[in-house]
Each structure stands twice: as structure tokens, then as C-alpha cells.
1. Pick out, from region 8-122, the strands (runs of 3 or more DSSP E) lying fully within it that include 2 or more residues that are buried (at least 18 other Cβ atoms within 10 Å of the Cβ), under 17 Å from the mean Cα position of the chain (by Cα) and at pLDDT 95 or above.
2. Inspect region 523-530 for any residue being in contact with a strand residue (DSSP E or B) (Cβ under 6 Å, 6 or more places away or on another chain), in the same structural domain as residue 302 (by TED's automatic domain parsing), under 20 Å from residue 575 (Cβ atoms) and surrounded by fewer than 23 Cβ atoms within 10 Å (Cβ to Cβ) and give the result as yes or no.
3. From 394, 363, 449, grab the single residue that is surrounded by 21 or more Cβ atoms within 10 Å (Cβ to Cβ), out of contact with any strand residue (DSSP E or B) (no Cβ under 8 Å at 6 or more places or on another chain) and more than 21 Å from residue 471 (Cα to Cα).
4. Given the structure, is residue 135 assigned by TED's automatic domain parsing to the domain that holds residue 208 and over 17 Å from residue 40 (Cβ atoms)?
5. Could you say whether any residue in region 205-217 is assigned to a loop (DSSP other than H, G, I, E, B), over 28 Å from the mean Cα position of the chain (by Cα) and loosely packed, with under 15 Cβ neighbours inside 10 Å?
6. Give me a count of the residues in region 457-501 that are over 25 Å from residue 405 (Cα atoms), under 33 Å from the mean Cα position of the chain (by Cα) and surrounded by fewer than 22 Cβ atoms within 10 Å (Cβ to Cβ).
7. For residues that are free of Cβ contacts under 8 Å to residues at least 24 places away in the same chain and assigned to a strand (DSSP E or B), scanning just region 330-354, find the one that is nearest to residue 266 (Cα to Cα).
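The values are calculated or read from the model by the stated rules, or taken from the named source; none is laboratory data. Note that the coordinates shown come from a computational prediction; the quantities given were computed from them, not determined experimentally. Cβ sites come from the backbone with ideal geometry, for glycine too, and all protein chains shown count toward neighbours.
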């Protein structure tokens, strides 16, 4: 992409150290204090991600992979960061993604002109080497930017060592990571180890910075920025379809790009790019979501299937099928993106994002989540309807059915990963999956699997039908839950079933506020006092009302909830409707998935059974 007279790769700039004393600058951790989440954009290449803030500050990046330790960790109080910021001038911030990509353009309007910084991770990513591309563009007037780099591996534990500069190329080590930085010119080292330079760019010209980070020796030759930019542009154009005819074509393409950026070459999709971002201040609800949740990956695959047979569907099917074939009834709720075990949770010696604490790893290994089997069958069935299921993956279908047969009667942690109970949603999710898979199965399996689905619905009706006629959460918990919208959406019970309609009206009455939806009532307090609205649930309401033929209501839910994001268009798990702020890890993949599905399904009549 070109702006004005700029030619990709053209250089007309100088890089010189500032003459201001180091004492006038704060460390990266304090100079780039956390912003509200709505102001962060995501760069991602499938293997890792970066959060970039309004001051051109890279405050979060794990290397070499999603679940590695962070090399830039200022977001949670660490010392690592990388920033390109207008120097010595006042400015206001803006930015946008280039179409069908995660190429971000930070934009600053200053007192003297307009500066942009085009930013991306070279795409597709290499599992062992991150290549960070930054192109400083003097859009209007001459530009001067201050550039700081403080790579600190292991969440800030290792400062840069063996720093050397030769022919304008800086090399260094930080823990096990090797670093090479080109385009910075002459740098100075501040007291905390930060490398700093000031770069001047003439109006209409640009200047490239390339940072390479790897856990193995780097190749002899540095990355050519012009070649890397062209390859990244072309790869994104090929990766993200030009969806049209949805309720929001541009946002739909963006959500696909987000999901693609969060999906590794092996097919594993991280649930979120970050960890330890609190859902509620000082409540201890901050988790590490840099892993592949089976449920979330199934949601993503089913969402993509609503549009057609696209590669992200194949990725989801391959990853989930492999885990089921390996583990069968002992399927874990989550894995690393390479299919390994999620490390146990432990606390880091860092301040954390304001209102939270720094925790890495997750205790999900200790959980059993029955609904994941149902979601897997729904995923496989969606793929099968599009002729995207091979013989080996059909074996995974049969293994999933066997796992449900063995374990459906056990208490589980449920969709919200709470205490073990016989959750209605879990059993009904399995019923929906069995019905969907049965539709593709030979006659004998068709009959057996539908019979098993009928049994699960009957069992759930026996102990989880509320006296009012709706579904309730569990035999011991009479509350309604927004997750109970899903059994009808996915086909466990008909749309015109009295339990379906009673549940929809109960969610509408008891769990919605100002066009947003909460998961369930935590206690007797007003909904917003206990947690944020759950973005996923708002889009489920859109699907549920659409299924009932309530088209205007469905569109209202959709439009209201797609606005629950910041300027970069990224969704988190929760939305604080009082303060209009994002809460939880960023971005949350399953929200982008169900948004994508809603944008497609709401344009067409609901399919008849």
C-alpha cells in the first residue's frame, strides 16, 4: 500500500542519538504505562502476537511462540518494550488496519504534520523466528520520531547482553533469544539497558526498521524490508477472503484476519493473545488464554463453515481431531498450539495490569468439560456437510461418540469452567453434536446416535427443566444461563420447542441490559456489579432471535454488540457497559468467531430442519 509519493522501500532518513541526557527519560516500563484495552491493536503472524498502543509502544510479545515467556511485557508491569513515537511534539493518535490483514498503521497528527508507522509481523510466521516490520512514513511535513528498544526475555528477567553494532545493524542476546535490529542507525544505551535513537524522515519519504527475534542462530543475511513487506501483503491477501453480502463485510473480513493471525501453522488457535488481563478489578479473575481451547476452536470452525469451506475450518478440524484420536475420553479442555500439555498456573513477580496480577499457565488440566465433545461433533458435522472430512477424521467422530457414551453421566466443569456439576448445557451440547453427526452417518449409527441424543435430552429435561418451563443451569441451580440458548441454535431441541422459547424469553428478561447480555446472575446484585456483559452471549442472542424469526431484535443485538470494541475493532471476553470499557484478555477469539457467524447467518433465512 502506498501513500502519496512514497515508494515502498524508499529511504530518505537519518538516525541519530538524541542529545538529551538519559536522566530525562524514564524506563520503558514507566514511559509506556498501560492504556485502556480499547486502544491496543494486534499484530499477529499465526505463531505469536504483539499489542501496540497509541504511542507506538509494543507492550506485549511472547517469543518465539504464543505460550513462550514475554520479551515485551510492559503491559503487565515488566520492563520490555519497543516504541516508535513522535519526538518532542504534541500529537493525537489514530490508526487503522489495511484491508483483509493484520497490517496496522499507527497515525499521529502533530503540531507540525502527520506521521504514520506501518507495522506488522512478517506473515506467515516462522515458529522459531519473529520478524517485526515497522515503516515510519512522513505523510505531511518532515517527521522526527524517538525509537526505543528494550528486549527483555523471560518477562523482563534478562536484559540485553552482547550488544554490538556494525554497519548500522545491532545484534544482541536476551536470555535464550537472539536479536538483530536493522535500520536504527547509531543508538545510545540508557541506564536501564534501553537502546534509543531519533530518526528523521523527509516529507513524502519513509524509513524501515526490522527486528528479528529467534531461539536459534539467525541466518547470515538480514531481512530485506521491501521483500518482507511484499511477501506479507501478498500472504494476507491470499489468506483472508473478500467476504461480501454479510451484515458487515469489512468487520467480517477483519474477524477472519484476527482468527487467522491467532492460528498457528499446525492448526492450533489460541483463545487470546494475552494473559493476566483482569475481567474484574481486584477480583482475581485474570487468566492465561495463550493456549488452544477445544471448545473455542470448535466455535471458530463452525463459524467459518457458515461462510463455506475455508482453510480455518480445515485447521480446526485437523487440530481437534488429532487431540481426540490421541486422548479419547481423557480429552483435555485445552492444549498448547503444538498439542502439548498446558503448564500449571503460577504467579510471576510482576505488578500485573492495573487491577490484576501476573499469572502464567492455567489450571485447566484438572478439569473435565463434557460440552467439548459435543462441540467437536458439531465441528466435524459442519465440515462433513461441506465435504471437508476425511476417513481419519471420521474415526475422530466415532471416538468422540464413544467418549460421550462413557462420560456423559459425570459432573463436569461446564462451559464457564466452574465447579463440577451436571450442567444442562453440557449434556445438551452433546445431544446437538450427536444429532448433527448422525445426519452424516450410515443408517445404524444414525439411529444409535439419535437415540443417544434423545436420551440426553430426556435426562436433562428430568432434572433441569425449571418449573416455568425453561432450562435451568443444573439440578441444584435453578438460574437461567445464556449458554442455554445454544441447544436450540445447534439443534439439540427444535426452535419451536416450549423449552427453547421459554429460555430465550428468560434470558431476555433476566440477563440483558441496554442491549448487552450477561452469562448468568452471580448473586442478588445488579448484573453489572458482579461482572461485565459477555460479548459472546450478545451474538448468541442475535442468532437465537433470528432462529425465531425475530429479525429486528436479532439485528439490534448484532449491531449493539459489534460496537463493544475499540478503534482497532478487537473484542475482549467482557464489556463494561457503565464505563464502556473492554475487560479480559485481548482479543478473545471465540467472540470474533460468533460475530463472524452472526454476520453471515443473519442475512439468510434460518435453515429448516
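1. The strands (runs of 3 or more DSSP E) meeting that bar are 41-44, 49-52, 57-62, 114-121.
2. Yes; the residues of region 523-530 include at least one that is in contact with a strand residue (DSSP E or B) (Cβ under 6 Å, 6 or more places away or on another chain), in the same structural domain as residue 302 (by TED's automatic domain parsing), under 20 Å from residue 575 (Cβ atoms) and surrounded by fewer than 23 Cβ atoms within 10 Å (Cβ to Cβ).
3. Residue meeting the stated conditions: 449.
4. Considered against the rule, which asks whether it is assigned by TED's automatic domain parsing to the domain that holds residue 208 and over 17 Å from residue 40 (Cβ atoms), residue 135 comes out as yes.
5. Looking through region 205-217, at least one residue is assigned to a loop (DSSP other than H, G, I, E, B), over 28 Å from the mean Cα position of the chain (by Cα) and loosely packed, with under 15 Cβ neighbours inside 10 Å.
6. Count: 4.
7. Looking at residues that are free of Cβ contacts under 8 Å to residues at least 24 places away in the same chain and assigned to a strand (DSSP E or B), I get 346.
Yes/no matrix, rows are residues, columns are (1) modelled with pLDDT of 95 or more; (2) farther than 23 Å from residue 43 by Cα:
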| position | (1), (2) |
| --- | --- |
| 158 | yes, yes |
| 168 | no, yes |
| 179 | yes, no |
| 209 | yes, no |
| 220 | no, yes |
| 225 | yes, no |
